[in-house]
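Bear in mind that the values in this text are calculations on the coordinates, not laboratory data. Just so you know, these numbers come straight off a predicted model, no measurement behind them. Neighbour counts are summed over all protein chains in view; Cβ atoms, including those assigned to glycine, are modelled from backbone coordinates with ideal geometry.
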Amino acid sequence: DVPAEVTIWEVGPRDGLQNESGIVPLDVKLEFLERLAVAGLPVVETTSFVHPEWVPQLADAVELFGELRRADGVRYPVLVPNSRGLDRALESGVDDIAIFASATETFTRRNLNRGLDEQFVMFDPVVRHAVAEGLNVRGYVSMVFGDPWEGPVAVDQVVSVGQRLLDMGCSQISLGDTIGVATPGHVETVIRAFVAAGVPLHRLAVHFHDTYGQALGNTYAALRLGVSTVDASAGGLGGCPYAGSATGNLATEDLVWMLEGLGIRHGVDLRSLADTSVWMAEHLGKPSPSAVVKALAR
Ligand code: HMG
Ligand code: MG
């Protein structure tokens, strides 16, 4: 059985644009955000309050938030790694944040300049402060299904990292296939392991990159188990600058097409979304990799 309704967590402006070689102008980002809200996306991950030299593509986070006109009923979460990032986010009036952990030692070092255990020392005061300020806090777990340096990742290790984020105060954790190597059976194993550890399904989200073309199949496996929050990026933009082999996320259009077919409510206007991705692709100077965007643009 699949859920009657799915919350699509749009990550294009953050996961998508963090990985572009060029820096997208502020007014284009603002129009992108506005168009995504108009298309009906309920959650639009907007940017990251990380070190500007680590991710220059999103160095304009404060200005972006200053000019963003938030649509009613739409959530605009941002990535925050540490207290400095939280201070900048709070000054910008953010009310939804996501911390981002890794299930592997190597990626934690490369992405956060910290060891696996040290990442929690960095996150702990962030989550406590954010929750005290009334913010919602999501936790990402990266490298859940494989790591380019370490290879396979033990399911126990993934569950333990996820559980620590939930215990810390995250309302939901998003299971990230950062490099897109997962397959549906593996997805099932990991989700069942969280359920066996007592984690309710509404506290889990899935975040698939489409490097090996498995993102939609993986999503279906997660839906069949009852997961009802799915991350995706408009047009399939995305990747991680600190995980070289990563390509774009599951395209939101591909997800919406499948949800339509399954009769699952999602609230998104596919045509308006696909037009937005075509418009964005023109700005980026390269076509969207999404099969659904290509089919609709014909
Ligand atoms: P660090 O160099 O260890 O930082 O970087 P630090 O704590 O030693 O501080 C050094 C200086 O940076 C200090 O300045 C800080 O104030 C400043 P100084 O006192 O020397 O003048 N600083 C900051 N400035 C602005 N904003 C901040 C900030 N933090 C420190 N937030 C740090 C550690 C975590 C900051 C760095 O490693 C970083 O920014 N990493 C972010 C990497 C990133 O954004 N990766 C992509 C997102 S993860 C992803 O895409 C995966 C995901 O999609 C899920 C999936 O696919 O699996 C989520
Ligand atoms: Mg990602």
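Computed extension length for Asp1-Thr183: 63.6 nm, one decimal, from 0.36 nm per residue of separation with the Cα-Cα distance subtracted. In the chain, helices alone account for a calculated mean residue ellipticity at 222 nm of -12500 deg cm²/dmol, with every DSSP H run of four or more residues adding -39,500 (n - 2.57). Distance between the modelled labels on Asn136 and Glu91, one decimal in nanometres: 2.6 nm (7 Å Cα→Cβ projection). Computed over the range 171-255, relative contact order equals 34 percent, with contacts defined as Cα pairs under 8 Å that lie 6+ residues apart.
Multiplying the residue separation of Ala197 and Arg271 by 0.36 nm and subtracting their alpha-carbon distance yields 22.6 nm.
Springs join every pair of Cα atoms under 10 Å in this Gaussian network model of the chain, and among Leu255, Leu68, Leu165 the largest mean-square fluctuation is at Leu68.
As a rough guide to protection, the peptides 105-116, 43-54, 196-207 ranked by mean Cβ packing within 10 Å, highest first, stand as 43-54, 105-116, 196-207.
The Cα center of the range 8-85 and the Cα center of the range 240-298 differ in position by 17 Å. Projection of the Cα convex hull of the range 131-238, averaged over all directions and equal to a quarter of that hull's surface, yields 7.1 nm².
Neighbour counts of C-beta atoms inside 10 Å place His283, His209 in the sequence His283, His209, starting with the fewest. Farthest toward the positive end of the dipole of the range 61-133, out of Ser83, Val127, Leu116, is the Cα of Leu116, where the dipole comes from beta carbon charges about the Cα centre.
Multiplying the residue separation of Trp149 and Glu67 by 0.36 nm and removing their Cα-Cα distance gives an extension gain of 25.6 nm. Dipole magnitude for the range 29-183: computed about the Cα centre from +1 point charges on Lys and Arg Cβ and -1 point charges on Asp and Glu Cβ, it is near 80 debye. Can you classify the range 236-298 as rounded, prolate or oblate using the Cα gyration tensor, where a ≥ b ≥ c are the square roots of its eigenvalues, rounded means a/c under 1.5, and otherwise it's prolate if a/b beats b/c and oblate if not? Oblate, because a/c is 1.5 or more while a/b does not exceed b/c. Once the Cβ-Cβ distance of Arg298 and Arg84 is raised to the sixth power relative to R0 = 45 Å, the FRET efficiency obtained is 0.45. Extending 7 Å from Cα along the Cβ direction at Asn113 and again at Glu260 yields two label points whose distance is 4.6 nm. Using C-alpha pairs under 8 Å with a sequence gap of at least 6, the mean separation divided by the residue count of the chain gives a relative contact order of 21 percent. Once the gyration tensor of the Cα atoms in the chain is diagonalised, the equivalent ellipsoid follows with semi-axes of 25, 23, 18 Å, ordered largest first.
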